[in-house]
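Chemist: This is the structure I want to talk about, given as structure tokens.
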């Protein structure tokens with residue numbers, strides 16, 4: 001899976017797409033460990049600037065969490081299914097004068113989500129203002145004005161937290177202090193739920209405007225109000241789907257990376273990042289392959305990166321010890337299923353809220369129990385893209401957050417089938433009465449699978465929990481503090497999880513790597 005890497009073929013641009021003196025990077029090499037969205041975005045940026053880049057992926061297919069399975073003619077996506085801020089992705093192609101449309105087709109999703117409560121109330125959330133105001137008025141007419149005020153607030157935190165800081169690495173505490181006044185002005189210490197509640201009175205609307213943090217692993221009751229920026233992100237950029245599945249977006253990124261001359265090494269896990277002094281030197285894989293690089297970046301789980309890949313170094317041992325004391329996001333339990341029939345009345349994304357909100361979140365994030373009730377994120381891609389299933393059939397997954405394995409120590413081999421049935425029963429009760437008779441194929445994915453397949457610490461689905469005390473400088477740094485040519489990209493570093501988050505981390509990390517490699521070349 002390699003193509004031409006001759007210097008004359010490589011585009012002459014930097015991380016921002018500006019012309020560069022390519023000779024600065026002549027002969028420079030980089031390795032990116034892991035091919036998730038963050039890893040591929042970083043690799044494309046490095047290769048676009050003229051650095052010969054190799055991506056090493058442990059699994060049999062690229063994508064990391066954006067994995068997929070093909071069973072009985074159905075395609076099941078394992079990773080994120082909500083694509084927002086498509087421009088952050090399109091930029092990766094523009095760096096080299098290409099168009100993302102060469103490799104990826106994005107399809108608009110409307111409504112963004114349908115929210116459903118046990119009493120039968122439905123709420124369609126989108127960026128169609130007239131329709132949205134009508135939906136809000138059905139819940140509480142007085143909240144229309146409050147929502148507009150909330151949207152103004154969201155626009156403000158979007159500007160401060162995403163536009164200004166989302167691609168900027170926080171390498172020292174001074175950078176945090178510098179950003180603090182603007183964040184304090186936006187009351188960043190408050191939770192998303194608290195901030196939403198200050199604008200609207202309807203409890204259902206409060207849930208509708210705060211659940212988004214769950215999509216990046218955050219508890220709405222604790223996650224910083226800065227994450228209200230998601231609403232501005234969705235309003236301006238929309239919500240999208242990649243034709244063929246989220247996996248086709250990864251495939252398009254791989255295709256573009258190889259077009260630029262990048263090298264993919266798939267199905268060969270990295271076992272060690274070798275160091276000499278404060279420098280990473282060689283990367284070694286399970287097969288025995290070993291190669292020297294000028295810079296190494298890890299898109300792997302942050303704990304795995306330090307505890308295992310750098311486990312023979314003092315830095316790896318000390319930092320993994322510190323990481324173990326931090327709070328990690330919950331895991332997920334996902335039921336993938338293919339059904340006979342089509343369901344035009346079920347939108348692409350649904351949230352089936354349970355009878356509790358705050359109490360359920362406390363059970364998952366704090367108590368570490370498996371509740372009897374749950375809220376379900378239901379994904380139904382075939383309503384947008386019928387290619388995900390055989391003709392006349394439908395692809396779904398039903399996802400519920402569960403505590404990670406450090407808090408919920410159960411035998412998932414035993415619990416999994418029981419929880420799977422309970423989830424399918426609830427989807428059947430609320431949407432598809434004869435669901436069990438219609439199932440063609442099904443399987444589930446549990447916290448144990450996140451741990452085994454992705455080396456995810458405690459089976460966490462989103463890495464470090466996105467609370468204020470684990471954000472920006474308090475998160476894993478985009479460049480290591482000790483090993484000066486070892487970098488991080490992805491959910492464990494700034495700014496955090498979600499496609500825009502990890503693609504933003506790639507921009508921040510690429511900027512550091514290009515600067516460092518240029519300085520070393522000049523020296």
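Chemist: When you look at residue 289, is it more than 26 Å from residue 207 (Cβ to Cβ), surrounded by fewer than 16 Cβ atoms within 10 Å (Cβ to Cβ), at pLDDT 95 or above and not assigned by TED's automatic domain parsing to the domain that holds residue 217, yes or no?
Modeler: Taking the combined requirement at face value, the residue satisfies it.
Chemist: If we scan region 344-366, do we find a residue that is farther than 24 Å from residue 246 by Cβ, touching a helix residue (DSSP H, G or I) at 6+ places or on another chain (Cβ under 9 Å) and part of a helix (DSSP H, G or I)?
Modeler: yes
Chemist: Here's another thing I want to ask about it. Restricting attention to region 194-215, which residues are outside any helix (DSSP H, G or I), surrounded by fewer than 22 Cβ atoms within 10 Å (Cβ to Cβ) and in contact (Cβ under 8 Å) with a residue 60 or more places away in the chain?
Modeler: Listed by number, the residues that qualify are 201, 202.
Chemist: Could you please let me know if residue 511 is touching a helix residue (DSSP H, G or I) at 6+ places or on another chain (Cβ under 9 Å) and touching a residue at least 24 places away in the same chain (Cβ under 8 Å)?
Modeler: Considered against the rule, which asks whether it is touching a helix residue (DSSP H, G or I) at 6+ places or on another chain (Cβ under 9 Å) and touching a residue at least 24 places away in the same chain (Cβ under 8 Å), residue 511 comes out as yes.
Chemist: Related question: Would you mind stating whether residue 109 is surrounded by 21 or more Cβ atoms within 10 Å (Cβ to Cβ) and at pLDDT below 95?
Modeler: no
Every residue, every condition in (1) within 22 Å of residue 47 (Cβ to Cβ); (2) within 23 Å of the chain's Cα centre (by Cα), yes or no:
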{"residue": "259", "(1), (2)": "yes, no"}
{"residue": "271", "(1), (2)": "no, no"}
{"residue": "275", "(1), (2)": "no, no"}
{"residue": "278", "(1), (2)": "no, no"}
{"residue": "301", "(1), (2)": "no, yes"}
{"residue": "306", "(1), (2)": "no, yes"}
{"residue": "315", "(1), (2)": "no, no"}
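Chemist: Can you name every one of the strands (runs of 3 or more DSSP E) wholly within region 219-333 that holds 2 or more residues which are under 29 Å from residue 380 (Cα atoms)?
Modeler: 239-242
Chemist: Hey, residue 453 hits all of (1) surrounded by fewer than 17 Cβ atoms within 10 Å (Cβ to Cβ); (2) touching a residue at least 60 places away in the same chain (Cβ under 8 Å); (3) farther than 30 Å from residue 507 by Cβ but one; which does it fall short on?
Modeler: With respect to (1) surrounded by fewer than 17 Cβ atoms within 10 Å (Cβ to Cβ); (2) touching a residue at least 60 places away in the same chain (Cβ under 8 Å); (3) farther than 30 Å from residue 507 by Cβ, residue 453 is out only on (3).
Chemist: A follow-up question, please. From (1) within 30 Å of residue 223 (Cα to Cα); (2) not in a loop (DSSP other than H, G, I, E, B), pick out the condition that doesn't hold for residue 339.
Modeler: With respect to (1) within 30 Å of residue 223 (Cα to Cα); (2) not in a loop (DSSP other than H, G, I, E, B), residue 339 is out only on (1).
Chemist: Given the residues 175, 191, 154, which is the only one that is closer than 14 Å to residue 494 by Cβ, within 25 Å of the chain's Cα centre (by Cα), surrounded by 15 or more Cβ atoms within 10 Å (Cβ to Cβ) and touching a residue at least 24 places away in the same chain (Cβ under 8 Å)?
Modeler: 175
Chemist: Something else: Could you list all residues from region 419-470 that are part of a strand (DSSP E or B), in contact with a helix residue (DSSP H, G or I) (Cβ under 6 Å, 6 or more places away or on another chain) and closer than 30 Å to residue 121 by Cα?
Modeler: Hit for region 419-470 is 444, nothing else.
Chemist: Looking at the structure I just gave you, is residue 116 surrounded by 15 or more Cβ atoms within 10 Å (Cβ to Cβ) and out of contact with any strand residue (DSSP E or B) (no Cβ under 6 Å at 6 or more places or on another chain)?
Modeler: No.
Chemist: Check residue 93 against each of (1) surrounded by fewer than 21 Cβ atoms within 10 Å (Cβ to Cβ); (2) under 25 Å from residue 167 (Cα atoms) and name the one condition it does not meet.
Modeler: (1)
Chemist: What's the number of the only condition in (1) within 16 Å of the chain's Cα centre (by Cα); (2) more than 23 Å from residue 177 (Cβ to Cβ); (3) surrounded by 24 or more Cβ atoms within 10 Å (Cβ to Cβ) that residue 486 fails to meet?
Modeler: The one condition residue 486 does not meet is (1).
The values are calculated or read from the model by the stated rules, or taken from the named source; none is laboratory data. Every value quoted in this text rests on a predicted model; they were computed, and no experiment measured them. Please note: Cβ atoms are built from the backbone with ideal geometry, for glycine as well, and neighbour counts cover all protein chains shown.
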